[in-house]
Structure formats: structure tokens, C-alpha cells
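Down below is the structure, laid out as C-alpha cells.
The values are calculated or read from the model by the stated rules, or taken from the named source; none is laboratory data. Note that the structure is a prediction, hence the values are computed from the model and not measured. Cβ: placed from backbone, ideal geometry, glycine included. Neighbour counts: every protein chain shown.
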Amino acid sequence: MPSDDIATQLRSLGFRSSLVVLRTFIEHATHARLGALEICEKLVETERREREARNLAARTRIATLGKFTTIDRFDWNHPKTIDRNLYDNLYSTLDFIERGDNVLFRGPSGVGKTTLAQNLGLAAILRGYTVRFCSLAAVLADLLRRESLPAVERCLKHRYLAPKLLIVDELGYLPCDGRSADLLYNIVFRRHENRSVVITTNLPYKQWGTVFPGAACVVALVDRFSQHCHILDIDADSWRQKTQTPPPKKAKLRRPAWPDFDGKLGRLQSSSRRALEGSARPHFWLSVPRVAPKECLTSPPPGLTPGAGVLLLAPGSTPQRS
């Protein structure tokens, strides 16, 4: 049977590998005279790699991690205070996901909370876990726009309860109403001790009530979330301020060069210098106003003449004492 027909039949049986890959493999096995067992082993390995790549691409797309700095490029010298050992343990083992523990990144704006949380999500994806990353505002907007309770429930189950790791970013930056607090509590309550939640915030627990003013469930929300929670407090200046591009310097405007004075003014300057030489009067300089040279001659400043201890200079020239 031709290799094209075999590859097509393998695809019809559910193989994810492309026709090109399957045909290339069959031709290689034919020319290398591989045995039946070896052909099966390599075929299974090829299909396994293809499915893993597809699953990774799908999980990455669903996670919506966005663009971020990978952990190997993170500047650990920038934070003044951070428990790096705790983060390295969480990142390398990911055992908190299996236990259903939570993680809290807490610190002011611009210190790397979101970046560290996104890297946890990426590590979980590479280990085969399902992940979803979103801001608190996006979660609430997605749920509140549903027109019925069944629609809210379907959205909750599919997007915010099903992932093994849920990352909620930016709690505390925008105020929310009581219904929003109930939705967040519903998520934390139903994931409690079963599936992990990672939250980034700029507020301590005691100030979470300011985000949901008047909500009765805030105390219960904090109590359940903090029961099995790893806290990473970060103290640092804003990284965005550190890397902010300085504004461009304004270019100095250069005054246009003035034409040389005519011979009459030149003779006047020379005579004035000779008159000032040996004089006991204090020498000072007067810059020529922005007028034409002839106007300077015909309309000198009142009471000041070149012979009276004042030397007229062309604009832009360097004054020198006699």
C-alpha cells in the first residue's frame, strides 16, 4: 500500500500528526528496514509529541497570560524585601497546586507582583496544569454581564472553577460593589482546599473591606483564602519609574548670525576703543538691540553714545575689555 494511503488512514483513525510527518516517517521506516515493534514505538512517540504540543498550545491560549518578562530575566536585586526562597520553592515544585493552597503577592504598584504570578502560571502550564489568568475587574465584568443566573453559573464553572490554577490580578485598585464581593467569595469558596487561587494586591487583609464597602462576605472571603496561603510581601520602588525613559532635552535655539556692520560702524567702534583706552571711567558693554545696523547708528539709546564709555557690539560677538 502506498505511503500516502497509509498516512491518510492513520489520520482518519485520529492521529494528530500531519500528513507530511506521517509520510516522512513511513518512508524513513521503509528505507531503514525497521522492524514492526520499532515502527510502532516510533509512531507512538511521534504521535505523543504532537499531542503534547497541541495541548500545550491550547492551554497557553486558554490561560491568557499575556506578554510578560520570564523569570530568568527578572531582576531579583530590585526588590528591597522579598522571600526568594519561598518563591523558588513554589515555582520549582508547584506542590501547592496539588494541595489546593493559595498564594498571595502583596506590595505597592510596579514591584513585579503580576510578573511573578504570570511565571507561576507558565510553569504550571508546562507541567500540564490548566491555568487561567485575569484581572479582578475582568472577572467581575465577565460575570456581571450575564443576563441570567444559569448563564452566570455556566461561566463560573467553565472559566473560573475548572482551571487547576486561577490567577486573579490587581485586587484593590478599583472599588467594587456588594454583588462583586459575592461573586469573588463564590469563586474562593468553591475552590477552597481543592484548586489553587493566586491573588496579587496592594492591600493588607484588613483593608480588603475598602474594596467591597458594606459587603458582609469580606470577612469570610479573607478567612477562607488565608487558611492555606503562602504570602510573598514585596517592598520595592516602582520598576516602571526606574525604567522610565527621560524626556528628551530641548534643543537650544541658536540666534541667527547677524550681518557684519558696515564700514562706518566699524570706524565708530575703532574710535570708541581708542577713546576708552587709558580712560579712568568704568568700562561696561551694551549689546546692540535686534534692529538693523543703520538704525543703531541713527537711533542710539538716549544719553548713551559710543564716545561716552559705551562700546556697541554686533549681536552674537564676544565682548572683550579694552
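Odds and ends about this structure:
- Test set (1) in a helix (DSSP H, G or I); (2) under 21 Å from Lys113 (Cβ atoms) - Val20 fails condition number: (2)
- Residues in the range 218-247 that are modelled with pLDDT of 95 or more, under 19 Å from Tyr173 (Cβ atoms) and assigned to a loop (DSSP other than H, G, I, E, B): Ile234 alone.
- Any hit, the range 195-206, residues being of a type in the set (Gly, Ala, Ser), surrounded by fewer than 18 Cβ atoms within 10 Å (Cβ to Cβ) and in contact (Cβ under 8 Å) with a residue 12 or more places away in the chain: no
- Exactly one residue out of Ala215, Ala251, Ala257, Ala275 is aliphatic (A, V, I, L, M), modelled with pLDDT under 55 and part of a loop (DSSP other than H, G, I, E, B), and it is Ala257.
- Against the test of being within 18 Å of Pro204 (Cβ to Cβ) and either at pLDDT 95 or above or not acidic (Asp, Glu) (or both), the options Phe105, Phe96, Phe74 yield a single qualifying residue, Phe105.
- A single member of Leu143, Leu136, Leu184, Leu174 is touching a helix residue (DSSP H, G or I) at 6+ places or on another chain (Cβ under 6 Å) and under 21 Å from Phe105 (Cα atoms), and it is Leu174.
- Candidates Leu94, Leu104 - the one that is out of contact with any strand residue (DSSP E or B) (no Cβ under 7 Å at 6 or more places or on another chain) and of a type in the set (A, V, I, L, M, F, W, C): Leu94
- Qualifying residue in the range 70-82 (condition: among the acidic types (Asp, Glu) and under 27 Å from Glu193 (Cβ atoms)): no
- Members of the range 3-17 found to be crowded, with 16+ Cβ neighbours inside 10 Å, of a type outside the set (Gly, Ala, Ser) and either out of contact with any helix residue (DSSP H, G or I) (no Cβ under 8 Å at 6 or more places or on another chain) or part of a helix (DSSP H, G or I) (or both), listed by number: Leu10
- Residue match in the range 58-67 (condition: among the charged types (D, E, K, R), modelled with pLDDT under 95, within 20 Å of the chain's Cα centre (by Cα) and closer than 26 Å to Ser17 by Cβ): yes
- Exactly one residue among Cys155, Cys134 is under 24 Å from Cys217 (Cβ atoms) and in contact (Cβ under 8 Å) with a residue 60 or more places away in the chain, and that residue is Cys134.
- Leu56 vs. criteria assigned to a loop (DSSP other than H, G, I, E, B), in contact (Cβ under 8 Å) with a residue 60 or more places away in the chain, under 30 Å from Phe133 (Cα atoms) and among the aliphatic types (A, V, I, L, M): no
- Output for the range 23-53, where each listed residue is surrounded by 11 or more Cβ atoms within 10 Å (Cβ to Cβ), among the charged types (D, E, K, R) and either touching a Lys or Arg at 6+ places or on another chain (Cβ under 8 Å) or not in a helix (DSSP H, G or I) (or both): Glu47, Glu50, Arg51
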